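> Before I ask anything, let me first share the structure, which is written out below as structure tokens.
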Amino acid sequence: MIDHKSLRNGLLSKLTGKTDNSLYQFIRYFFVGGFAFGIDFGVLFLLTEFFGLYYLLSAGISFTLGLVVNYVLSVTWVFSYRSRQNRLTEFSLFTFIGLVGLFLNQTLIWFFTEILLIYYLFSKILTTLIVYFWNFLARKYFLFNNKNES
């Protein structure tokens, strides 16, 4: 017989407690990324459709807001090990990885929208899937990896 209470408590501890398990971190990052994407996508839509900003300008602003949300949630919930003791260095590396992500974001949105003629919001969704993997892998390896102590 399955003890549902123990199963639920075990699963809950995997999702809420500290972990170095890459699979659990990837799952957590999926939720963090989804939340940050919601902010990014919503702000992109609002700035473009309601405030009339050019979609690439809106995309840059919205991506930056999503980056800040992603950082805060990543260091508080996703990654239990922080290899950089200096928080300024950590945030600088996080930002650098984010800037590479922003470059990918802008380039891919432009490419999908202007070259492939895909609606800009669909371009954003495609772009997010690609940039998501870059961000997770780069942050996991360079920032939150106990093999990269500094």
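The values are calculated or read from the model by the stated rules, or taken from the named source; none is laboratory data. In this text the structure is predicted, and so the values were computed from the model without any measurement. With ideal geometry, Cβ positions are generated from the backbone for all residues, glycine too; neighbour counts draw on all protein chains shown. Side chains are part of the model used for accessible areas, which takes the heavy atoms of the whole protein and leaves out ligands, DNA and RNA. Shrake-Rupley method; radii C 1.70, N 1.55, O 1.52, S 1.80 Å.
> At a 1.4 Å probe radius, carbon and sulfur cover how many percent of the accessible area of the range 90-150?
79
> Additional query: Write down the accessible area per residue of the range 78-122 in Å², having rolled a 1.4 Å probe over the full set of protein chains.
In whole numbers, the range 78-122 has 57 Å² accessible per residue.
> Within a Cβ distance under 11 Å of TRP77, other residues only, what is the Lys/Arg minus Asp/Glu net charge?
After counting each charged neighbour, the total is +2.
> Please give me the summed charge of the neighbours of TYR29: other residues whose Cβ is under 9 Å from its Cβ, Lys and Arg +1, Asp and Glu -1.
Net of charged neighbours comes to +3.
> What's the ranking of 61-70, 128-137 by average number of surrounding C-beta atoms within 10 Å, highest first?
Top to bottom by mean Cβ count within 10 Å: 61-70, 128-137.
> When the expected Rg is taken as 2.2 N^0.38 Å, what fraction or multiple of it is the alpha-carbon Rg of the range 13-76?
1.35
> What distance in nm separates the simple spin-label points at PHE30 and LYS18, each placed 7 Å from Cα in the Cβ direction?
My value for the distance between the label points is 2.5 nm.
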